[in-house]
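Trainee: This is the structure, below, for whatever I ask next.
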Amino acid sequence: MKKTPDKILLSPRVTEKGAYLGEVGVYIFNVAEGANKKDIAEAVHTIFKVWPQKIRIARIPRKLVLTRGTNRTGMTAGGKKAYVYLKKGDTIEIV
């Protein structure tokens, strides 16, 4: 399967921490499990027309959770997220 930019960058992570980092040029995205830094950089360039200065990848662990009403166990999804650092003056419009 060919890696297309929309299959690599799954969604932006809209959090309070992400809002603070967005002010200084760092954007956080949920990315595909098999994506590496080069794939993410090319996807950001294709979609947003800016080259990232640096990319950091963090794995989100799966966690065991209990439901409130039925007291059943389950697992959170887990995944992977990428911190995309841009040069001063470059911005990404996340709607």
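Trainee: Under the condition of being crowded, with 19+ Cβ neighbours inside 10 Å and touching a residue at least 40 places away in the same chain (Cβ under 8 Å), which residue from the stretch 30-41 is farthest from Y85 (Cα to Cα)?
Mentor: This residue is A35.
Trainee: Looking only at the stretch 66-94, count how many residues are β-branched (V, I, T), closer than 20 Å to E33 by Cβ and part of a strand (DSSP E or B). Reasoning before the result, please.
Mentor: Step one: list which residues in the stretch 66-94 are β-branched (V, I, T), which gives 67, 70, 73, 76, 84, 91-92, 94.
Applying the additional criterion that residues be closer than 20 Å to E33 by Cβ yields 76, 84.
Checking the rest, the ones that are also part of a strand (DSSP E or B) come to 84.
Residues meeting the conditions: 1.
Trainee: Among the listed residues I40, I55, identify the single one that is under 11 Å from the mean Cα position of the chain (by Cα) and not in a helix (DSSP H, G or I).
Mentor: Numbers: I40 fails: not in a helix (DSSP H, G or I).
Selected residue: I55, the only one of I40, I55 that is under 11 Å from the mean Cα position of the chain (by Cα) and not in a helix (DSSP H, G or I).
Trainee: Filter the stretch 54-85 down to the residues that are aliphatic (A, V, I, L, M) and in contact with a Ser or Thr (Cβ under 9 Å, 6 or more places away or on another chain), then identify the one that is farthest from V26 (Cα to Cα).
Mentor: Taking the stretch 54-85 as the starting set, the residues that turn out to be aliphatic (A, V, I, L, M) are 55, 57-58, 60, 64-66, 75, 77, 82, 84.
With the extra rule that they be in contact with a Ser or Thr (Cβ under 9 Å, 6 or more places away or on another chain), the set shrinks to 60, 64-66.
Working: I60: 18, L64: 30, V65: 31, L66: 34 Å.
Among those that are aliphatic (A, V, I, L, M) and in contact with a Ser or Thr (Cβ under 9 Å, 6 or more places away or on another chain), it is L66.
Trainee: Then there's this: Among the residues of the stretch 8-29, is any exposed (fewer than 13 other Cβ atoms within 10 Å of the Cβ) and among the polar types (S, T, N, Q)?
Mentor: Here is the first cut: in the stretch 8-29, the ones exposed (fewer than 13 other Cβ atoms within 10 Å of the Cβ) are 11, 14-17, 19-20, 23-24.
Among the residues that remain, those that are also among the polar types (S, T, N, Q) are: 11, 15.
Within the stretch 8-29 (the criterion being exposed (fewer than 13 other Cβ atoms within 10 Å of the Cβ) and among the polar types (S, T, N, Q)), the answer is yes, since at least one residue qualifies.
Trainee: Further question on the same structure: What residue, among those in the stretch 60-94 that are closer than 14 Å to H45 by Cα and of a type in the set (A, V, I, L, M, F, W, C), is nearest to the chain's Cα centre (by Cα)? So that I can check it myself, show each step before the final result.
Mentor: Looking only at the stretch 60-94, we keep the residues that are closer than 14 Å to H45 by Cα, and these are 84-87, 90-93.
From the residues that got through so far, the ones that are of a type in the set (A, V, I, L, M, F, W, C) too are 84, 86, 92.
Numbers: V84: 8, L86: 14, I92: 13 Å.
Here the residue is V84.
Trainee: Further, regarding this structure: Looking only at residues in the stretch 42-95 that are of a type in the set (S, T, Y) and surrounded by 11 or more Cβ atoms within 10 Å (Cβ to Cβ), which one is farthest from V14 (Cα to Cα)? Step through it out loud before you land on a result.
Mentor: Just the residues of the stretch 42-95 that are of a type in the set (S, T, Y), to begin with: 46, 67, 70, 73, 76, 83, 85, 91.
Now drop any that are not surrounded by 11 or more Cβ atoms within 10 Å (Cβ to Cβ), which leaves 46, 76, 83, 85, 91.
Working: T46: 21, T76: 18, Y83: 12, Y85: 16, T91: 16 Å.
Among those that are of a type in the set (S, T, Y) and surrounded by 11 or more Cβ atoms within 10 Å (Cβ to Cβ), it is T46.
Trainee: While we're looking at this one, here's another question. So R13 ticks every box in (1) out of contact with any strand residue (DSSP E or B) (no Cβ under 9 Å at 6 or more places or on another chain); (2) closer than 22 Å to D90 by Cα but one. Which box is left unticked?
Mentor: (1)
Trainee: Which of the residues spanning the stretch 9-27 are outside any loop (DSSP other than H, G, I, E, B), of a type in the set (A, V, I, L, M, F, W, C) and free of Cβ contacts under 8 Å to residues at least 12 places away in the same chain? Show your work before the answer.
Mentor: Here is the first cut: in the stretch 9-27, the ones outside any loop (DSSP other than H, G, I, E, B) are 9-12, 16-22, 26-27.
The next check asks that each one be of a type in the set (A, V, I, L, M, F, W, C); those that pass are 9-10, 19, 21, 26.
Hit for the stretch 9-27 is A19, nothing else.
Trainee: OK, next. Of the numbered conditions (1) touching a Ser or Thr at 6+ places or on another chain (Cβ under 6 Å); (2) of a type outside the set (D, E, K, R); (3) part of a helix (DSSP H, G or I), N30 satisfies every one except a single condition; which is it?
Mentor: (3)
Coordinate-derived values only; no laboratory data. All of these numbers come straight from a predicted model, not from anything done at the bench. In this analysis, Cβ positions are derived from the backbone assuming ideal geometry, glycine residues included, and neighbour counts consider all displayed protein chains.
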